[in-house]
Amino acid sequence: MNTFGQNPKPVLQKSFERGIDDIKISPDKKHFITLEGDVQSIGGFDIKLWDYDSKLIITQHHFEGANGQGSGIIQLLNDGQIIYSSNHFIKKYNLLTSKEEVIFQVEWPEFIQNYKQYNNSSFVVSTKIYSGNEDMIYDITNKSILYIIEDGLVKTKKENEFETSALDFNFDNKNVIIGTNKGEAFIYDINLNILKSKLSFFKKKPIGFIHLTKEGLLIACPALPFEKKGYTTQFSEGLFKILNINNPSFSKTIALPKQKAPKKENDEFSIIEFHPSNIIKDIIIKDNSTLVISYGYNKIDFLEINNFKLIEKGPTNVSYDIGKIYLNPNSNEIIYSYGNVQMISNANKLAVYNTKIKKNTFEFKQKIKTIEKTKMIKHIGNNYYFTELLKSKSYNSKYDSITFQSPTYKNIKSIKCYDCSFTFSEYNDNWIIKNRKYFFIGKPTSTLIKNSINNFSFEYDYEKEKSVFIQEKLFKDSNYFELTKTPKKYYSPDILEFFENSQTLLAGLRKSKGGYFLAILNSDGSIKHLFKEKHNYNYKVSDNGKYFALSHESENSKITITLYDTSNWESIFNYSYKGFSKPDLFFDTTNQYFYFQKDSKDIYDSDTYELIEININKGINSLSQIHKGQFYNKFFVDREANYIYLNDGSYVTKIDYQANKTVFLKPSGYARQNTYLDNKINKIVVDGGDYLSFFDRNSTNSAEFYFFPENHFIGITNEGYYITTPNFPLENFGFAIGSKGYSFSQFDLLYNRPDKVLEFLQVSSLEEINLFNSAYKKRLKQQDINIEAISKNILELPESEIALTNSSFSTQQKDYVINASFSDKKNTLKSYNIWINGVPIHGSIGKKINNNINELLIEEELILSKGNNKIEVSCFNDKGLESLRKSVNIFYDAKNEKGNLIFVGIGVSKYQDSTYNLTYASKDVSDMTSYVKSLNSNYKTVDVTTLLDSEVTSENIKALKGKLKATSIEDKVIVFYAGHGLLDKNYDYYISTHDINFNNPIENGLAYKELEGLLDNIPARQKLLLIDACHSGEVDKENISSIVSDFDASHIKLGYRGSSAISVKDKKPINAFELMQNTFSDLRLGTGTTVISSSSGLEFAYEGETWNNGVFTYALLEGLKTGNADLNNDTT
């Protein structure tokens, strides 16, 4: 099957917000899942599906609802399919296709308690029966039913006077093993007709885990007590009892050792602090006779049942609690969660530990977490800005800071409000700025962003005898209010809205003796209308400010909704009903229809949430229901298009309410602001919790923007196109195609399209969009890519696969053999390559494939680097198209042997043409050599080779290749050049040799490609190229108008390390080339060398007496010697 049957889907690699309650690996070991949530407390859980090879999340799904003992029991099958349980269902669900089918179903008062699958379509299911007045699902009822289900039908049903607290199935002799809440175990035949054995384990203690080996040993442990009456099987007591079904007299008890608490990095408590320190948190059956146990604070041991041995297998240096675990027997890896295991929240970090080499081979860390504060998009002047309100550190209920960022990320501005706070109007562009009893209300202008002012404040005007807002000129349509007549019993009023039609204010009033009231104030602060005190209220203002709707809850669960005319504050209608939650309110864009959600008495019945519509002109008699169904806390009605948008805290659902059909379902978080229509861009804006969504009203297109600390964001359209802030860590995202996960960089050329995102969003000028489009085209030209060929053939790219000769992802052998296959259905294969940690094994151009074939199998022996080795393979066809890189990570557990440091220094101060002589270039090499030699203790040897002045010829430099070819895998190589850098007539870059012709650099000069070529296809994988010369960065050849070549000695005296100046055509503050460099990663196939140069393509490099070196060399040595250059403190 071709991988490219569908477009790549971007997936946020999001950290765990709640604890990891379960981990499972698919039978084919291609995937694993993590289940996240508080299943047995508040209910509902999230499942992330991971690609095992790439360790990338490829999809995630939220499952709403049930919180019984048997809810959230999950099994992972192949191809993204899971089986899971809720209170009343067992279902099969495909995480990749969203296809769902019900396997088994019961009705109240019967609850699922446990199940085991014993072939593709057969299950053993245990349920629990409640009496009509049961309200605690953990209480013991002593009523249960066992079922045998085959092909969705009940084959056997057996009622019992106990609860099935544990369940197992023995595949060797097809026995059903049951552990009960009374501490007994029953062994039945597959049809539940024959009781083969009955054993007593724990007196009056429920069995939490049970397993029967093929040798007849039955092992069990007691469940953990829960509250006074119940128990939980999520944790177990720290002991095992083993009985022999063939020898009634045999009994063996194994008590797990207790532990000391590890040192914590914070003061958060652990569940173990309330229970014995050998509490069992998870048990995995490795094989028939071995258990893998997570217990105590952070222990993972193997229990060999047949010889009663407990063997330490897990990590020994974890400072956190270890939670849930799962073993991959093929690779000897344990996937485990760690963190703080609390009362209702499990550990929320994830790692993979290899039991053979006793090290972690993977730790999941979201590089930067999404911001989940109030984000919105605001129109200021003629531009749009993403806006974030920040609460006061001293007074948490006030917002005293605000940050703006343009979607093109060029403008970032923060404003701090001193002794004042911000509020935004919900129905217009007004800002409300408060200073004690003074309020300023106005609409910001574009000068607010352009102005250098970053602080807002009030100042007392002694002539006017009142406080005035100093930054008033940055606003228009402004008003001042001084609330002098607000009754003294109310203090610190909040102004929430200003109604221009009546010059009145919506305020929140605090009473000194307690209580918070909504009120309508006149402009002097006197009360026009005081609403009843209710904390559980909600309100909404129509877009034209003409109507105000208020809902509040009174006694006996009575909800009252009142609609007011804001011009006179008279009531238009009242409507009351029995309800349990405050309803969300909404006015349509024509301001003629009003909507609210209405719930029934039973808040757990999701079928009784009604969406009600009222025609305001016709009044309460026009009330009608337009939708009935799921719970949601925020909604939006697009009446013209017959769509509603519902946000339930887990998903945003778009529904055609006339056809009662779901259009789409998007994962979301809990919305903090209302969904609204922005008429200027014709987009519906939805708060998705940790992102903002923009839905086009006239199509199915949409975009989501995620926000991160330090003003980073990424915006992604439904087609996969994205825009990011410069230097955004793309590791936060992955691309999923089918059931495979790929790094974002593999699709960067096709989908990193800021112009496409901005064109959809319609918040930027045409000039800005065209500039991004020009930058994108320059990128393609720079990398010699025909994007039309890629986009047209995205479904026809060649394919690569990688396979290991053994199943382990770790080794203590340096030589490692892999197999790879390459194929192309339509074109012939041209070349392939293998990368280890980003370094191409066959050089930058790869290994040629001969004979015009379209299929190739290879077997290659690789030499691994110490530590983790990310091995990637890909191939190219004769059209120049590259397959997606398939990857696998192999950990090489090598001894701590030092490698060699090879330093090559090339410096020219004296030239054949003495006009261009420099003072410090050769000294730069000598100084770098001295520093490198001082590192001798860090390496096996430090090998130094230098070429100075007359020794620097192109022949001598090229001859260095032989020396570098003799390096080894663990060696580090540094090539350093200091001298003149210059461009030829084709604007190609050359470094100067001693005998170069400065008027024609191709004569005796060394092209940059030849300099970097020294480091291509050599054994050493840690390679660094340093260049201290003019124009050593990249130039935009299309933007060069001329090269001025009449430099003389005066320029050299000024300290220039070049022989020419460059004149450009486009002299704008930022042009398309600079935007390209700031926006896009350079994905050209390289040598795996890190290159650091002293200047850009248009800049000069300098030297002088002030530094006694070249400036770049001086700064480099200063940073290395002082340690200031070691930003991550790794001393490398």
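Can you confirm whether Ile836 is in contact (Cβ under 8 Å) with a residue 60 or more places away in the chain, among the β-branched types (Val, Ile, Thr) and crowded, with 17+ Cβ neighbours inside 10 Å? It is true that Ile836 is in contact (Cβ under 8 Å) with a residue 60 or more places away in the chain, among the β-branched types (Val, Ile, Thr) and crowded, with 17+ Cβ neighbours inside 10 Å. Screening the range 542-559 for residues that are touching a Phe, Trp or Tyr at 6+ places or on another chain (Cβ under 7 Å) and farther than 18 Å from Asn617 by Cβ and picking the one that is surrounded by the fewest Cβ atoms within 10 Å (Cβ to Cβ) gives Ser557.
So that you can scan it fast, the table gives a plain yes or no per residue for (1) under 30 Å from Gly381 (Cα atoms); (2) modelled with pLDDT of 90 or more; (3) in contact with a strand residue (DSSP E or B) (Cβ under 8 Å, 6 or more places away or on another chain); (4) in the same structural domain as Lys416 (by TED's automatic domain parsing):
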{"site": "Glu463", "(1), (2), (3), (4)": "no, no, no, yes"}
{"site": "Lys476", "(1), (2), (3), (4)": "yes, yes, yes, yes"}
{"site": "Ser492", "(1), (2), (3), (4)": "no, no, yes, no"}
{"site": "Glu500", "(1), (2), (3), (4)": "yes, yes, no, no"}
{"site": "Leu509", "(1), (2), (3), (4)": "no, no, yes, no"}
{"site": "Gly514", "(1), (2), (3), (4)": "no, no, no, no"}
{"site": "Phe517", "(1), (2), (3), (4)": "no, no, yes, no"}
{"site": "Gly525", "(1), (2), (3), (4)": "no, yes, yes, no"}
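Answer yes or no as to whether Val541 is among the aliphatic types (A, V, I, L, M), assigned by TED's automatic domain parsing to the domain that holds Cys420 and at negative phi. No, not satisfied. Just one of the listed residues (Ser401, Ser452) is in a loop (DSSP other than H, G, I, E, B) and not aliphatic (A, V, I, L, M), namely Ser452. Only residues that are over 23 Å from the mean Cα position of the chain (by Cα) and outside any strand (DSSP E or B): list them for the range 869-889, please. Asp878, Lys879, Gly880, Leu881, Ser883 - these are the residues of the range 869-889 that are over 23 Å from the mean Cα position of the chain (by Cα) and outside any strand (DSSP E or B).
Comparison of Leu1015, Leu1025, Leu983 shows that the only residue that is crowded, with 21+ Cβ neighbours inside 10 Å, at pLDDT 50 or above, within 19 Å of Ser844 (Cα to Cα) and out of contact with any Asp or Glu (no Cβ under 9 Å at 6 or more places or on another chain) is Leu1015. Scanning the range 926-937 for residues that are polar (S, T, N, Q), in contact with a strand residue (DSSP E or B) (Cβ under 6 Å, 6 or more places away or on another chain) and more than 27 Å from Glu897 (Cβ to Cβ) turns up nothing.
Screening Lys532 on (1) within 24 Å of Phe635 (Cβ to Cβ); (2) at pLDDT below 90; (3) not in a strand (DSSP E or B) shows it passes everything except condition (1). Of all the criteria given as (1) in contact (Cβ under 8 Å) with a residue 60 or more places away in the chain; (2) over 27 Å from Tyr742 (Cβ atoms); (3) surrounded by fewer than 21 Cβ atoms within 10 Å (Cβ to Cβ), the one not satisfied by Val888 is (2).
Can you confirm whether Asn852 is assigned by TED's automatic domain parsing to the domain that holds Lys879 and outside any strand (DSSP E or B)?
On the way: assigned by TED's automatic domain parsing to the domain that holds Lys879: yes; outside any strand (DSSP E or B): yes.
Considered against the rule, which asks whether it is assigned by TED's automatic domain parsing to the domain that holds Lys879 and outside any strand (DSSP E or B), Asn852 comes out as yes.
Of all the numbered requirements in (1) out of contact with any Pro (no Cβ under 8 Å at 6 or more places or on another chain); (2) crowded, with 21+ Cβ neighbours inside 10 Å; (3) over 23 Å from Leu49 (Cα atoms), Asn711 misses one, and that requirement is (2).
The values are calculated or read from the model by the stated rules, or taken from the named source; none is laboratory data. The structure presented is a predicted model; accordingly, all values stated were derived computationally and were not measured. Neighbour counts are summed over all protein chains in view; Cβ atoms, including those assigned to glycine, are modelled from backbone coordinates with ideal geometry.
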